[in-house]
Amino acid sequence: MKEPLRKNVNRPENQNSKYFDLMSLLFLTGYLMIDFLPYLQRMEIISIQFLYLTILNITAGLFIYFNPTLHSNALIYLFKKSYIFKAYLAFILLAGLSIFGAKNISLGVNAIAEILVIFSMFVNITILLYNRLHLLYKLTFIMGLFALIQASQALLDFKNLVTDLSITDTMSQIITIEGNTGNINIFSSSLMAKIPFILIGITYFTNWKKWVLMGALLLSTLLVFLISAKASLLSLIIIYIVFLVYYFKTNHLKKINISSIAALVLPMLISFALINYIFSKNNNSARYAPTIQRLGQINTSRSSISARLMFWETAVNFTKSNPVLGIGLDNWRVESIPHEKLRSLVVSLHTHNDFLQIFAETGVVNGLIYFSIFIALLWINLKRLLKPGQDHNKVVAILTLMLLIVYGVDALFNFPFYRPTMQLCFCFLLALTFVNTTKTDHDKLSFKKRAIALMLVGIPIVPFYFTYYADQTSQLEYKIKADNIDFNTSGKVKAADIINQKPLLPNVFNTSESFYEYAGIYFLREKKYDEALKYLDLGNKVNPYLGRPNFYKYLMATERGMPDSAVHYIKAAFYASPANPDFFKALITHKKYVDTTEILAMYKRSISYAKSVVIWNSAVTALQSQNYSDVNLLQFLNQGLKDFPKDNKVKSIYNTTLITGYIIKGQRLFANAKHEEALKSYLKALTLDSTNVYALQNIGFYYFNLRNSAKAIPYLLGALQKPGLNGGKTEYFLALCYIDVNDKSNACKYLNVANAMGYSEAQARLNQYCN
């Protein structure tokens, strides 16, 4: 007996539809290809993905337009009466209006163009699937094949990368698993978006296709567990529970096929057991802990969760202060920077919650509209699932609900709204909701079909200009990054290449730096100072929060011998980005302009954003150079041990700093004839580190200067056994000690060594004593 899931859906009455079936599958397959597009020297994969989708949308739109049977009056009626469709259009309109409240219009324009690309993709997929739900199972198999290829390629690349590495080193390389999606979490979500289709396919097919889909499920869940992204783990568990409950509910116990249950459950159990066995061998208890433990890490004490809570709080504050239009679509990546207390050199770029980000960027009304779309999707598909009716409608409903879970969970913790891979999931979610209806007589209704079709398929042409130039901009960013012009004196790109690139869409890097800023840096490298100053100022207007343009103005002023201007610019850079260790170090090295009080004030400001060992070390060095009192320096060092209790580098710096201080103090005391106090200071240094070469050397010199060569010799010999001493000075004074104790053999030995090392006085002593 056939299971309910295997019942065929209604086929269209037109028997000539095989051609349209084939073309629909080809276009749908084309949309799935975005996960396999190469970077082709783009900084971000999304630029070429959006350009590709734009071209595919135009092609599909033209195909639909010239085949009127594809856009029936019934479908147009569905769009017209649908709350979801109206809400989506209203959302796009208000998102566009938010640009007028944005400080960076370029970011908003680029983002609205991307939204239009996604809207066109949704319309095209809906039209291609309308009255063609019989293609669903073929689509599930195609999805499974794509997941199988995607997962296999990722595992192969990972295997090649970690060959001969230890298990701990292998775990550290998991973050490189990202396929062509942009990063590890997006890759995991991309696989999760295909798993609902795979589950449906496994319960439908009985031949070899079922085994292929089982393989796809095994490898997909294997990677989801391996990557261990919390959002994906959570959605995987939820969709499995939902689907199994549905499966048992719609099949009476006597009709349940045990082999089908095994086909659904065994791949996940095998992947779960295998990955958790691997993780149990790993010492890293953080991200790559066993899965149950990993899910238990979802609490506010984890740094990633703490960061998200900070982002969410910032988003709420933005919404409160900009309730009508928001801060502007996609302007979060710039406007959030001064509010990120945890920031160092990395900015968040996204809120890690799409709903909060939409509220913050486009206003309260639009945020509510966007959220209501998901509520409507949940309500409509739940009703279809619970309502008595045809089994195929329930199959589509459960599939749509699982897609809603995958996308919804990801939207709560990540940023699928700005990623084409996950927007494809969103489009299938919308499209399947629209087409999962019973046949109606709305074909008899009168609409200006051709005009409406022209409008719908003409929309994809609008964003082409923007996606094309955004892709050009991404290529330019790649070339600039390849030049590494922040550190190199020149590169393949010239300043003119940047300023001639028009339009710059968007006008900031993916990491939020302005292109104008980089034009200024190139002009600085080319010694064109006036142009450099002009474009660095423009860069500051685009993004005033990173401080980098002022830092390069500081470098330029230093290069031109303008110390007052240099200090002005480095202070501006530091106060724009206090957590930047380069700005902090550059500022506190100006002894003429900075004293210990200001160093401490700047240090306090820096660590209020992000505690940094590098900044702490720079502060220690600066305080020493300012002759900070021993008592206060010791207090500062002790505070460092409290702030960084587990950092071995801090402990090393602590000891080294104290040792250096004791040695310098001892030298000063000896020069003032306070010999006993000097020795105590040297011995304190040696107590901290019995192998410290400079403590040993200075105690040796101490005894030599007091005419006690016999005591000096062991310390000087001990110093020479350690690395770090050059120039022959220690060897020379050791030889003098041996002369004092009448050991001519060793005296001549060390005089020869000192002479060979170039110590200037050694030759005269050799001539006097050893010849």
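The values are calculated or read from the model by the stated rules, or taken from the named source; none is laboratory data. Here the structure is a predicted model, which is why all the values come from computation and not from measurement. Neighbour counts run over all protein chains shown; Cβ positions are idealised from the backbone, glycine included. Accessible surface areas use protein heavy atoms only, side chains included; no ligands, DNA or RNA. Shrake-Rupley method; radii C 1.70, N 1.55, O 1.52, S 1.80 Å.
For the stretch 608-699, applying the loop criterion from DSSP together with a ceiling of 15 other beta carbons within 10 Å to the chymotrypsin sites (Phe, Trp or Tyr not before Pro) yields no site. Between Asn655 and Leu156, the FRET efficiency from the beta-carbon distance, with R0 = 56 Å, is close to 0.75. Roughly speaking, what is the centre-to-centre gap between the stretch 15-51 and the stretch 658-715 when only Cα atoms are used, to the nearest Å? With the stretch 15-51 and the stretch 658-715 each reduced to a Cα centre, they are spaced 75 Å. For the chain, the mean residue ellipticity at 222 nm estimated from helices alone is -22500 deg cm²/dmol, where every DSSP H run of n ≥ 4 contributes -39500 (n - 2.57) and the total is divided by all residues, rounded to the nearest 500. Calculated accessible area for the stretch 612-668 comes out at 52 Å² per residue, all protein chains present (probe 1.4 Å; ligands, DNA, RNA ignored). Ligands, DNA and RNA aside, Ile149 has an accessible area near 90 Å² when probed at 1.4 Å.
What is the sum of charges, Lys and Arg at +1 and Asp and Glu at -1, for the other residues whose Cβ falls under 15 Å from the Cβ of Tyr88? Computed value for this residue: +1. Taking the longest Cα principal axis of the chain as reference, the axis of helix 693-705 is set at about 10 degrees.
Inter-label distance, Ser745 to Lys711: 2.7 nm, where each label sits 7 Å from its Cα along the C-beta direction.
Our analysis of the stretch 556-626 gives Rg over Rh at 0.96, with the two radii drawn from alpha carbon positions and Rh computed by the Kirkwood formula.
Other residues within the sphere of radius under 13 Å centred on the Cβ of Ile149, judged by their own Cβ, net out at -1 (K and R +1, D and E -1).
Each Cα pair under 8 Å and six or more residues apart adds its sequence gap; the mean of these over the residue count of the chain is a relative contact order of 13 percent. Counting only heavy atoms of the protein chains and using a 1.4 Å probe, Ile663 has close to 20 Å² of accessible surface. If R0 is taken as 35 Å, the Cβ-Cβ distance between Asp630 and Asn771 corresponds to a FRET efficiency of 0.15.
The mean sequence separation of alpha-carbon pairs under 8 Å and at least six residues apart, normalised by the residue count of the stretch 391-442, gives a relative contact order of 46 percent. When a/c is below 1.5 the answer is rounded, else prolate if a/b is larger than b/c, else oblate, so apply that to the stretch 520-592 with a ≥ b ≥ c taken from the square roots of the Cα gyration tensor eigenvalues. Verdict is oblate for the stretch 520-592. Model label points for Leu368 and Glu559, set 7 angstrom from Cα along the Cα-to-Cβ axis, are 5.4 nm apart.
Please say if the stretch 213-264 is rounded, prolate or oblate, where rounded means a/c under 1.5 for a ≥ b ≥ c the square roots of the C-alpha gyration tensor eigenvalues, and otherwise the choice is prolate for a/b larger than b/c and oblate otherwise? The shape class here is oblate.
Placing a pseudo-label 7 Å from each Cα along the Cα-to-Cβ vector at Leu600 and Thr489 gives an inter-label distance of 4.2 nm.
Taking a ≥ b ≥ c as the square roots of the eigenvalues of the Cα gyration tensor, the stretch 666-738 is classed as oblate, since a/c reaches at least 1.5 and a/b does not exceed b/c. Sites listed here are GluC sites (Glu not before Pro) in the stretch 663-747 whose DSSP assignment is loop and whose Cβ has at most 11 other Cβ atoms within 10 Å, and the list is empty. Taking the chain, the Cys residues with no second Cys beta-carbon under 4.7 angstrom are Cys425, Cys427, Cys737.
The value of relative contact order for the stretch 658-733, using C-alpha pairs under 8 Å at least six residues apart, is 24 percent.
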